[in-house]
There are 4 protein chains.
Amino acid sequence: MSESSLSSRRARRTAVRPARTGDKRERILDAAVRVFAKKGFHATRVSEIAKTAGVADGTIYLYFRSKDELLVSLFEDRVERLLRFLHTELPERATASDRLRRIIELQLGLLEGERDLAEVVTVIIRQSTKLMKEYAAPKFTAYLDAIARVVADGQATGELRDDLSPHLAARAIFGALDGITMTWALGKADRGGLVRASGQLAELVLRGLAPRSEA
Amino acid sequence: MSESSLSSRRARRTAVRPARTGDKRERILDAAVRVFAKKGFHATRVSEIAKTAGVADGTIYLYFRSKDELLVSLFEDRVERLLRFLHTELPERATASDRLRRIIELQLGLLEGERDLAEVVTVIIRQSTKLMKEYAAPKFTAYLDAIARVVADGQATGELRDDLSPHLAARAIFGALDGITMTWALGKADRGGLVRASGQLAELVLRGLAPRSEA
Amino acid sequence: MSESSLSSRRARRTAVRPARTGDKRERILDAAVRVFAKKGFHATRVSEIAKTAGVADGTIYLYFRSKDELLVSLFEDRVERLLRFLHTELPERATASDRLRRIIELQLGLLEGERDLAEVVTVIIRQSTKLMKEYAAPKFTAYLDAIARVVADGQATGELRDDLSPHLAARAIFGALDGITMTWALGKADRGGLVRASGQLAELVLRGLAPRSEA
Amino acid sequence: MSESSLSSRRARRTAVRPARTGDKRERILDAAVRVFAKKGFHATRVSEIAKTAGVADGTIYLYFRSKDELLVSLFEDRVERLLRFLHTELPERATASDRLRRIIELQLGLLEGERDLAEVVTVIIRQSTKLMKEYAAPKFTAYLDAIARVVADGQATGELRDDLSPHLAARAIFGALDGITMTWALGKADRGGLVRASGQLAELVLRGLAPRSEA
DNA sequence: AATGAATGAGTATTCATTCAT
DNA sequence: CATGAATGAATACTCATTCAT
């Protein structure tokens, strides 16, 4: 076993090479999450990402156009998973409540155990002004709209109170999710913390949106 | 006498030469809010703040130790107003619900009409990693604790449901406030938007925290 | 006298300061000629020019927009002197022969004793492709046209043979001047070499352009 | 057998496998002329030469030691043809005038129709400082000496005026040829332009070098 | 206090070259 | 011979900060 870690790595490289390109790209993204989370976007040196990933500085530019685009790719690769989940899972849920609960569970559940990624999503993404304004803004909007639609639908069926603006509710829910994630990531980031939080937040939100009569 | 150096410094600035010096310091802070909001922290050049403020580059360093500290000062000068308000006003409110409502009204009300400041508080502050980790974290914690205490008190008196963690509730409320402010600042930032939002958010939060029996 | 070199430098800086800005700009240009001639344009490091000029790297950018523009400025400051001389002196000469002789004397005479500048003018200027195509080309054309006009005038008065294209003659004269300067600069660059060459070249050119009847 | 390695290498390239190998080397040189002329030496990427030649980047290094040496090889392959011609043809010419005329015809005639090569020879070669100082200088000197010898011989026989330095005359002739070629290459590069120029330049030079009595 | 010219540390990115396949 | 993914050295330029005036 003494040779296991080294030789397996070499073997993978030399013989098996299961996904040479993908492998390297993946290693760079993994390294980027870790270093970005530790240092922040601007304080992160591309050379440190390279060192962490075990590749040469120049190699990063074979896979990503720039440091900014590396952050974008990180976002796309890791976060858009969430949006795909939502598109898949939400239609299966019968009620607006179930859908909102699922949104909350998914967003917090997917980041549980990924403290670095959570920090990137809640804090680091806002450090690249260019990114924030050009790339992230439309994504945020789309996500907010998706939540607002669920709320509006629930109001239409009478399942949810209709004296609140769906868009305002969506912003509040999104903010709560973001705030909970950020404080978790910047704080102790205890195992299970986000999952526990998701249950409580769902409680809070669903009661808050329940029609008076239902109470 | 142990406080002499600190207090004298404050005194000199605040009391003795209130006009001339305060004027310039204030102009620099005003310029900083505007430029930070427009360009983001890192893309902002100290020289541009100087030009906007109508002073020489070097003058900024007579009032602030560094660019980072300028952002800190901005935060302190403009935001700690909120904490002082809270400390003054909260004790006057009789119920936990009233206090929570007041927190929401204050945070959103104070930023209403100050779009640039709102952007600085919700976005720019996260762009200085050093600031975020060293300065802002304890402030956030203190603010969260203040909210959590209100919730806990309300639970103790039976005014609020007690099946939710006060700290989680505080993080959710804070996040909702932050998210609403951010989307407002980055979006249309319509007049009255934050005040309207505050009423709706209070509705949502207070219903969400109400005990089942009250329903 | 022990303090002479240091103190005089300081004195010049602190007290006299005859032309602070001009002084520094001039020192940079002087350094640039020397380093460009020694290393060539691309192999020259901006930091080496700075060191040679005794200023900080960044200072160069207070006076010149870029390394390319530094070379342009060099060209403008040092070489356009020649064009001004031509414009001043040529009209004073009565015959085309005198004017051609003056052109040859001026171009070679102004570079005599300035080996580095001669190398910059004949070799280095062609190393910045951007410069060559955007800046130098029109200057060359203008210069060639000026020479061609002198030749054409001489042909019109019968002073010069008229079976040669003035433009071709101009290109040949310019090329001869350039080639002589270049080989001198790259070779021994002996004192008086260019002045001696100018007399001989004038002989060659004027005889070559003389009308057959004059023979 | 002492020459085996060298000759066999040459043999292999020239005789045995004339098509495949020679083909590739030739394609690379052709591509290099085109790209160097278009972009200049430094702005030319080895990868672009490879793409233009239709080979892989690494393949270039099977034929040329470096980018600099590629330019040297270009010079050798394309330009030394001229020197060989001169060595073959000059002895056949009876008079110094005929030899000078032939030199002019050859240099301009060989570049007629090869605008890119003309630009490489007159401009690009000066962009590699290393090349210019280490490789080209001795070639220039040899060429200049060859011309000077023709002039000196003509002076010795009384065919040419003897009041001009043969070396100066050679530099002037070389410069004129170079200048005419460069302005042609950088300008319209019209068909027949260089051949026409060669007749006129020969006229100018030969008249300029003719002894007074002959006039 | 105020100025702004000068400083010089700091880094993303390019691209000639290599070498495992 | 040929490939092209990987390498990593190398550098122009910016801008926060200083300090002589």
Handout entry: Neighbouring partner chain Cβ atoms per residue of C:128-134, average, 10 Å criterion
Key = 3
Practice task
For the protein assembly as shown, would you read off the P(r) tail past 55 Å as a percentage of all alpha carbon pairs?
Solution key: 42
Practice task
First check a/c for the stretch D:42-83, with a ≥ b ≥ c the square roots of the eigenvalues of its C-alpha gyration tensor; if it is under 1.5, answer rounded, and if not, answer prolate when a/b is larger than b/c or oblate otherwise.
Solution key: prolate
Fill in the blank from the handout: Per DSSP loop assignment and a cutoff of at most 16 other beta carbons within 10 Å, chain C keeps its longest run without exposed trypsin sites (Lys or Arg not before Pro) at C:94-187
Practice task
Under 26 Å between C-alpha atoms is the cut-off here; go through chain A and count lysine pairs that meet it, provided they're at least eight residues apart or on different chains.
Solution key: 22
Problem - Acute angle (nearest 10 degrees) that the helix D:137-156 long axis makes with the longest principal axis of chain D, alpha-carbon atoms - result: 20
Problem - Nearest 10 degrees, 0 to 90: helix A:193-209 Cα axis against chain A principal axis - result: 30
Practice task
Please state, rounded to one decimal and in Å, the Kirkwood hydrodynamic radius that the stretch B:67-214 gives when every pair of distinct Cα atoms enters the mean of 1/r.
Solution key: 15.9
Practice task
Mind giving me the FRET efficiency for A:ARG93 and B:ARG81? R0 is 45 Å, r the Cβ-Cβ distance, nearest 0.05 is fine.
Solution key: 0.55
Practice task
Round to the nearest 10 and give me the degree value, 0 to 90, for the angle of helix C:166-186's Cα axis relative to the longest principal axis of chain C.
Solution key: 40
Completion exercise
Taking A:ILE60, D:ILE180, D:ILE173 and counting other beta carbon atoms within 10 angstrom, the fewest-first order is A:ILE60, D:ILE180, D:ILE173
Completion exercise
Exposure-ranked with fewest Cβ neighbours within 10 Å first, A:ASP30, A:ASP145 stand as A:ASP145, A:ASP30
Handout entry: Inter-part distance where the stretch A:137-203 and the stretch C:97-122 are each reduced to a Cα centre, Å
Key = 78
Exercise for the section: State whether the stretch B:82-141 is rounded, prolate or oblate according to the following rule on the C-alpha gyration tensor (a ≥ b ≥ c being the square roots of its eigenvalues): a/c under 1.5 gives rounded; otherwise a/b larger than b/c gives prolate, and the remaining case gives oblate. Expected result: oblate
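Bear in mind that the values in this text are calculations on the coordinates, not laboratory data. Owing to the predicted nature of the structure, the values given are computational and were not obtained by experimental measurement. So basically every Cβ, Gly included, is an ideal-geometry build from the backbone, and we count neighbours across all protein chains shown.
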